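S.K.: Take a look at this one; I'll ask things after.
Read-outs: derived from the displayed coordinates by stated rules, not from any lab. Just so we're clear, the structure is a prediction, and the values are computed from it rather than from any experiment. All Cβ positions, even for glycine, are placed from backbone atoms using ideal geometry, and neighbour counts span all protein chains on display.
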Amino acid sequence: MPELPEVETVRRGLAPVMEGNVIAKAQVNRPDLRWPFPENMAERLTGSRVLRLRRRSKYILVDLDSQETALIHLGMSGRMLVSGDPLGQFVHDHPLPEKHDHVVLHMETGARITFNDPRRFGAMDLFATDGAETHPLLASIGPEPLGNGFDESYLRGALAHRNTPMKSALLDQKTVAGLGNIYVCEALFRSKIHPTRPARRVSKDRISRLVPVIRDVLNEAIEAGGSSLRDFRQADGELGYFQHSFDVYGREGEPCRTPGCASTIRRIVQSGRSTFYCPTCQR
Ligand SMILES: [Zn+2]
């Protein structure tokens, strides 16, 4: 499932192809993905110019000159393919249509953006740019982990009286926007916090350490995504998934990477999701 760094990578890949350019034709091949598409979505997208691409949590927001904003969510298996880009950044020819190509944006420049999603947990919506932050999917999510609103005093306050395990508290989108299973595991490892420790019982020092650690794990992954963009351009034009190595995620039974630690990484299940951690380093 794409997490925040993957979504940010997709946004950065799409921005040069879409920003400033007109959607000559929006082709919508089915009435819904996870939820029904908004009424007349194809007609409302067609002919509008893309002003800019933003990201909020794991949602890509496409601001249009029609004063509407399109929301794109990749869900579990959504992919964005770029083809025929005249700027030469994506050199591929247009691919043959595939079964799960649900929405295709034909840009006036000749570029084509294809939203393919075999499992259809993805979503698209379209609503007024003015007041976009009150959209039901966006209204209750917490501060962006890479934004100014996310700092030590905020996080201490958000966790102070919570009895839930740290892992769950950080996965809660009201605490911080867009953090998913992989990066929560990595951040807890680096800040030496045990994933099952109740949030209110984590020391102030460790909470303070967590803020820069969360930023670091995300920024490193975004950087890895950025370098993978060059490969996407040369390969098949697909955006969003890239190879990145993790310290604990997916490493059950393998040695802990902390110098001097002889433990192996453990896996437990919390709220139905795998948690990976070092039983010695994380307390
Ligand atoms: Zn360790």
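S.K.: Got a number for residues in the stretch 88-124 being surrounded by fewer than 20 Cβ atoms within 10 Å (Cβ to Cβ) and either small (Gly, Ala, Ser) or in contact with a Leu (Cβ under 8 Å, 6 or more places away or on another chain) (or both)?
M.R.: Summing the residues that are surrounded by fewer than 20 Cβ atoms within 10 Å (Cβ to Cβ) and either small (Gly, Ala, Ser) or in contact with a Leu (Cβ under 8 Å, 6 or more places away or on another chain) (or both) in the stretch 88-124 gives 6.
S.K.: While we're here: Please determine whether any residue of the stretch 31-52 is farther than 30 Å from Tyr183 by Cβ and surrounded by 21 or more Cβ atoms within 10 Å (Cβ to Cβ).
M.R.: yes
S.K.: Additional query: Tell me yes or no: at least one residue of the stretch 200-209 is surrounded by fewer than 17 Cβ atoms within 10 Å (Cβ to Cβ), farther than 24 Å from Glu8 by Cβ, touching a residue at least 40 places away in the same chain (Cβ under 8 Å) and within 16 Å of the ligand (Cβ to nearest atom).
M.R.: No, the stretch 200-209 contains no residue that is surrounded by fewer than 17 Cβ atoms within 10 Å (Cβ to Cβ), farther than 24 Å from Glu8 by Cβ, touching a residue at least 40 places away in the same chain (Cβ under 8 Å) and within 16 Å of the ligand (Cβ to nearest atom).
S.K.: Hey, can you tell me all the residues within the stretch 268-279 that are surrounded by fewer than 15 Cβ atoms within 10 Å (Cβ to Cβ) and near the ligand (Cβ under 9 Å from one of its atoms)?
M.R.: Residue satisfying the conditions is Pro279 alone.
S.K.: Can you give me the ranges of the strands (runs of 3 or more DSSP E) entirely in the stretch 15-100 with at least 1 residues that are under 22 Å from the mean Cα position of the chain (by Cα)?
M.R.: The strands (runs of 3 or more DSSP E) meeting that bar are 50-56, 59-64, 68-73, 79-83.
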